[in-house]
Structure formats: structure tokens, C-alpha cells
């Protein structure tokens with residue numbers, strides 16, 4: 001499945017939450033902590049190809065996600081995404097380690113998920129700052145929604161959380 005998304009920096013989480021509610025968005029998943037584990041081999045071949053292999057743990061689920069490279073043809077982030085629930089993240093991690101994959105990046109964030117129509121919006125509180133991650137049906141629809149929320153093309157953040165958090169940790 002193709003994922004179409006963009007991030008925006010959030011300076012005031014209460015204000016953006018209020019804007020989303022006024023636009024008819026509802027909280028689909030309340031604020032919760034996510035733990036993310038990104039895997040790669042010793043030569044970082046996945047990272048070098050722009051790919052991601054992730055195990056995510058939340059209070060309600062554990063998921064395995066593959067993401068392909070980010071397409072360069074759009075201002076927004078387009079990439080293939082394959083995701084499924086898993087029963088035991090710790091066992092899967094041990095399997096990955098046995099075949100040569102190790103956790104290259106580990107980070108946590110607090111996430112609140114909002115939904116309306118074909119939009120899935122996450123308000124993410126990370127060690128690199130707060131972000132609104134907007135996933136939607138098309139570039140045009142996401143850009144229109146961004147404008148309603150007070151953002152423009154200059155506000156687009158295409159970098160991944162692993163990149164943003166990695167930069168923050170190395171400052």
C-alpha cells in the first residue's frame with residue numbers, strides 16, 4: 001500500500017488539537033506511548049537504500065512494518081508500506097537477531113491519533129520536538145488540510161523520526 005504523508009512542526013499541542021476538533025476530527029486513539037525499534041544489518045543496507053524495518057509496541061498492539069524508499073517525485077512523502085500485527089515482538093526481535101539484523105535505532109514517542117474521512121493524523125511528542133503527521137488520500141487533499149491548519153509548503157518536514165531524533169541525539 002502506498003503511504004502519502006507529511007509532517008509539520010507543532011509549537012502548541014493544545015491549539016492544534018483544538019483546530020483539528022473544529023475541523024471535525026475525532027480522537028481515534030488517545031495519547032499513548034509507542035516504542036519503536038528499527039532493524040538493519042551490520043552494513044546498514046536498509047538505511048542506505050532508504051528502507052525501514054520496524055517493530056512497534058503500543059499498549060494495544062505490536063506491529064511489524066516495512067517501508068520502501070521515499071519517492072523523490074513529490075513534495076510530500078510517498079512510500080510503499082506493508083504492515084501487520086504480530087503476536088510477540090520480543091520473539092520476532094530474537095529471530096531478526098539470529099539472521100543478522102540488529103536494532104540500529106530505538107526511540108519512544110507519545111502519540112494521539114485523530115481521524116476524519118480518509119485522513120489519519122498523529123500528534124507526536126518526541127525527543128526531537130512535537131510534530132503533526134498527516135496521512136491522506138492525495139497530495140492535494142493533504143496540502144489543503146495543512147493550509148486549514150495554518151501550514152504552508154515551507155513547513156513540510158520530509159525527514160523520518162529516526163533522522164530527526166538521530167540529529168537531536170548527536171547535537
*Only residues that are assigned to a loop (DSSP other than H, G, I, E, B), surrounded by 10 or more Cβ atoms within 10 Å (Cβ to Cβ) and in contact (Cβ under 8 Å) with a residue 12 or more places away in the chain: list them for the stretch 45-87, please.*
49, 50, 51, 58, 61, 68, 69, 70, 74, 75, 76, 86
*Is it true that residue 19 is surrounded by 14 or more Cβ atoms within 10 Å (Cβ to Cβ), on the phi < 0 side of the Ramachandran plot and out of contact with any strand residue (DSSP E or B) (no Cβ under 9 Å at 6 or more places or on another chain)?*
yes
*For the stretch 88-103, how many residues meet the condition of being buried (at least 16 other Cβ atoms within 10 Å of the Cβ) and under 20 Å from residue 33 (Cβ atoms)?*
3
*Can you name the number of the only condition in (1) buried (at least 17 other Cβ atoms within 10 Å of the Cβ); (2) at pLDDT below 95 that residue 134 fails?*
(2)
*Can you tell me which residue in the stretch 93-103 is nearest to the chain's Cα centre (by Cα), limited to those that are in contact (Cβ under 8 Å) with a residue 40 or more places away in the chain and part of a helix (DSSP H, G or I)?*
93
*Examine the stretch 140-150 for a residue that is modelled with pLDDT under 95, within 20 Å of the chain's Cα centre (by Cα) and under 24 Å from residue 28 (Cα atoms), and state whether such a residue exists.*
no
*asked:* Given the criterion surrounded by fewer than 19 Cβ atoms within 10 Å (Cβ to Cβ) and part of a helix (DSSP H, G or I), identify the matching residue among 167, 106, 125, 115.
replied: 167
_Which numbered condition in (1) free of Cβ contacts under 8 Å to residues at least 60 places away in the same chain; (2) within 27 Å of residue 44 (Cα to Cα) is the only one that residue 140 fails?_
(2)
*Exactly one of (1) outside any helix (DSSP H, G or I); (2) loosely packed, with under 14 Cβ neighbours inside 10 Å is unmet by residue 154. Its number?*
(1)
*asked:* Checking the structure you have, find out if any residue of the stretch 24-40 is in contact (Cβ under 8 Å) with a residue 24 or more places away in the chain, out of contact with any strand residue (DSSP E or B) (no Cβ under 8 Å at 6 or more places or on another chain) and surrounded by 13 or more Cβ atoms within 10 Å (Cβ to Cβ).
replied: no
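The values are calculated or read from the model by the stated rules, or taken from the named source; none is laboratory data. All values derive from a computational prediction rather than experimental measurement. Neighbour counts are summed over all protein chains in view; Cβ atoms, including those assigned to glycine, are modelled from backbone coordinates with ideal geometry.
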